[in-house]
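Down below is the structure, laid out as structure tokens.
Derivation of every value follows stated rules applied to the coordinates shown; laboratory data play no part. Given the structure is predicted, the values throughout are model-derived calculations rather than measurements. Cβ: placed from backbone, ideal geometry, glycine included. Neighbour counts: every protein chain shown.
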2 protein chains.
Amino acid sequence: MISKNQIKQIQSLHQKKFRDQNNLFLVEGIKTVTELIDTAPDLISEVFGTDAFINNVSEKLLRCNIKWHVVSDYELEQISSLSSPNKVLAVCNYIKPPKINLDFGKNFSLYLDDIRDPGNFGTIVRLADWYGVSAIFCSSTSCDLYNPKVIQATMGAFLRVSVIYESLQDVIEKHNAKLVYGAVLSGKNIYKEKLENGLIVIGNEANGITENNMRYITHPLTIPSHKENGSESLNAAMACGIITSEFFRQLTQ
Amino acid sequence: MISKNQIKQIQSLHQKKFRDQNNLFLVEGIKTVTELIDTAPDLISEVFGTDAFINNVSEKLLRCNIKWHVVSDYELEQISSLSSPNKVLAVCNYIKPPKINLDFGKNFSLYLDDIRDPGNFGTIVRLADWYGVSAIFCSSTSCDLYNPKVIQATMGAFLRVSVIYESLQDVIEKHNAKLVYGAVLSGKNIYKEKLENGLIVIGNEANGITENNMRYITHPLTIPSHKENGSESLNAAMACGIITSEFFRQLTQ
């Protein structure tokens, strides 16, 4: 059983404003919440799960001193941000921003310039995790990492990849990035360029890299298309995946 | 003005059952509908647009003998499948299945085995268009191409890429595919294999390639990850993009 007040409080966390006020966000689904309990129990404030879910993990919850509530499917539907809730929802504390010491001479990383679609944003965090990019950067106009749809799309990768909101200029200056690659429509063929460690800027879904940030790009790159008059562009997350894959291939394989 | 009956009929096309009954589907948004009018006017049955949109294209509509209706924003909201409708909706006739004459000795293509997410499915059609894959195949359990969310995600690429629903066995036999690559978790490193033209099978978002289809795979491929215990997988469309990019690179660049 949960109170009306609790329901209201959890529902409020669907919105960025209230997440920021409380420093709390939601993680949903058996797989990711189980991973959370196993690998980052300190992040969890409270768990709301169905009888079956709680029974399965109650020992761990006790051991980690995590507060839990058994809820009905109906109650879960009321607090969930998903159209089909999946057995459990965890209210979590914001992740403390880690100290990032990136050496762009030895690593590559991503800068998301105004990526707005939560599915794209979360999928890119998942991609970064796959290729061992431990921290990615993004403009303040990009999606909120704690948007429930972003968290969902990362499939747990938000636990391993740090996401830092900072201006491109600050990232370049703080981490002394010399090579700043940009995904554009008329740059050098990514398959034929010799790629090196550096920062890769991915632009907005509709408008690409912002004018203000274009001036920092030292190496414009393009994924060549089959012909001139086909699709005008690839999906932004897809383009980011193809580019990241090519950097990974050239630098590590 | 549109009648209640028209609204009901268009709304029914949000569902596959009624699309199949009427052989009609919906295309929405200024960009794609304009492209439709320019490149495939014969597909269009009727256009429902705001005053401003219709004014802009009325000459073309007249020239192509396309029936149109001016609708208010409110009416558009009622018939649209989008949460934020974008000025115009076109009711279109199903695309006639083209005769596909694929030579897998000279081309590569994709087989989508049970891809369920409309965003993934549409993004893959857009990807195929980018890399010049003119026809892709998929299992009958995959998304419906005419699902409005799929059409939306293709960004017009459904006009250039043929999507054929057929069993994997039939595709292999009909087109005499000798090399059947499969995206799996423990195959050969895609970056190190010498890839050749053939059919590439991409599996379901959660479960990968179905057991029944696994036996047709002659060359299992894997996108190597940075380390053992990171993300378990990439998003299915993302994986498809990275693999397609690597085939394109090795075969054409």
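What to note about this one:
- Estimated vicinal HN-Hα couplings, Hz - the stretch B:155-164 in sequence order (Karplus 6.51, -1.76, 1.60; Gly, Pro = x): 6, x, 5, 4, 6, 10, 10, 7, 10, 10
- Taking amide H as placed 1.01 Å from N in the peptide plane, B:Glu46 has its amide H under 5 Å from the amide H of B:Val91, each at least 5 places away in sequence or on another chain.
- Sequence-separation-based contact order of chain A, relative, with Cα cut under 8 Å and 6+ spacing, percent: 18
- Restricting attention to the stretch A:162-250, close to 10% of DSSP beta bridges with both partner residues there are antiparallel.
- Overall, the protein assembly as shown carries a charge dipole of about 420 debye about its Cα centre when +1 sits on the Cβ of Lys and Arg and -1 on the Cβ of Asp and Glu, all other atoms neutral.
- Starting from the label point of A:Asn55 at 7 Å along Cα→Cβ, the same points in the other copies fall at 6.6 nm, in ascending order.
- Sorted by Cβ density within 10 Å, fewest first, the residues B:Glu193, A:Glu246: B:Glu193, A:Glu246
- Using a cutoff of 8 angstrom between alpha carbon atoms and counting only pairs six or more residues apart, the relative contact order for the stretch A:37-79 works out to 47 percent.
- Shielding of B:243-253 by partner chains, average beta-carbon count, 10 Å: 4
- Only helices enter the 222 nm calculation for chain A: every DSSP H run of n ≥ 4 contributes -39,500 (n - 2.57), and dividing by all residues gives -10500 deg cm²/dmol, rounded to 500.
- Computed E for A:Ser186/A:Arg63 - FRET, C-beta separation, R0 51 angstrom, nearest 0.05: 0.35
- Around B:Ser233: net Lys/Arg minus Asp/Glu count, Cβ-Cβ under 10 Å: -1
- Rounded to whole numbers, the Karplus 3J(HN,Hα) couplings from phi for the stretch B:196-205 are 10, 4, x, 9, 10, 9, 10, x, 4, 3 Hz, using 6.51 cos²θ - 1.76 cosθ + 1.60 with θ = phi - 60°, and x at Gly and Pro.
- Dipole axis of the stretch A:4-93 (+1 Lys, Arg; -1 Asp, Glu on Cβ), positive-most option in A:Leu13, A:Ser83, A:Gly29: A:Leu13
- Peptide B:122-135 has a mean of 5 when you count, residue by residue, the C-beta atoms of other protein chains within 10 Å of its C-beta.
- Residues whose amide H lies under 5 Å from that of A:Tyr165, counting only those 5 or more places away or on a different chain, are A:Cys138; hydrogens are built 1.01 Å from N in the peptide plane.
- Rounded to whole Hz, the Karplus (6.51, -1.76, 1.60) HN-Hα couplings of the stretch B:49-63, x for glycine and proline: x, 6, 3, 4, 5, 4, 4, 5, 10, 4, 4, 5, 4, 4, 4
- Centre-to-centre, using Cα atoms only, the stretch B:34-66 and the stretch B:146-221 are separated by 35 Å.
- Close amide-amide hydrogen proximity is noted between B:Gly187 and B:Thr222, each under 5 Å apart and 5 or more residues distant or on a separate chain (H modeled in the peptide plane; Pro and chain starts excluded).
- For the residue pairs A:Lys192/B:Lys87; B:Lys4/B:Lys31; A:Lys31/B:Lys178; A:Lys149/A:Lys178; B:Lys8/B:Lys174; A:Lys106/A:Lys188, the C-alpha atoms sit more than 32 angstrom apart in A:Lys192/B:Lys87; A:Lys31/B:Lys178; A:Lys149/A:Lys178; B:Lys8/B:Lys174.
- Mean separation of Cα contacts under 8 Å (6+ apart) over length of the stretch A:1-145, as relative contact order %: 25
- Cα gyration tensor, the protein assembly as shown - rounded (a/c under 1.5), prolate or oblate: rounded
- For the stretch B:189-206, backbone nitrogen atoms closer than 19 Å to the point 7 Å from A:Gln253 Cα along Cα-to-C-beta are found at B:189-203.
- Paramagnetic reach from B:Lys106 (point 7 Å along Cα→Cβ, amide N under 18 Å) across the stretch B:180-199: B:196-199
- Cross-link reach list, aspartates and glutamates versus A:Lys17, counting only Cα pairs under 15 Å and skipping chain neighbours closer than eight places: A:Asp144
- DSSP-defined beta bridges in chain B - what % are antiparallel, rounded to 5: 35
- Rounded to 5, the percent of DSSP beta bridges in the stretch B:4-93 classed as antiparallel: 70
- Between 0 and 90 degrees, the angle of helix B:30-39 with respect to the longest Cα principal axis of chain B falls at about 90 degrees.
- P(r) of chain A over all Cα-Cα pairs, binned every 10 Å from zero, in whole percent: 7, 29, 30, 19, 12, 3, 0
- Calculated FRET efficiency for the pair B:Glu46/B:Gln78, C-beta based, R₀ 25 Å, to 0.05: 0.95
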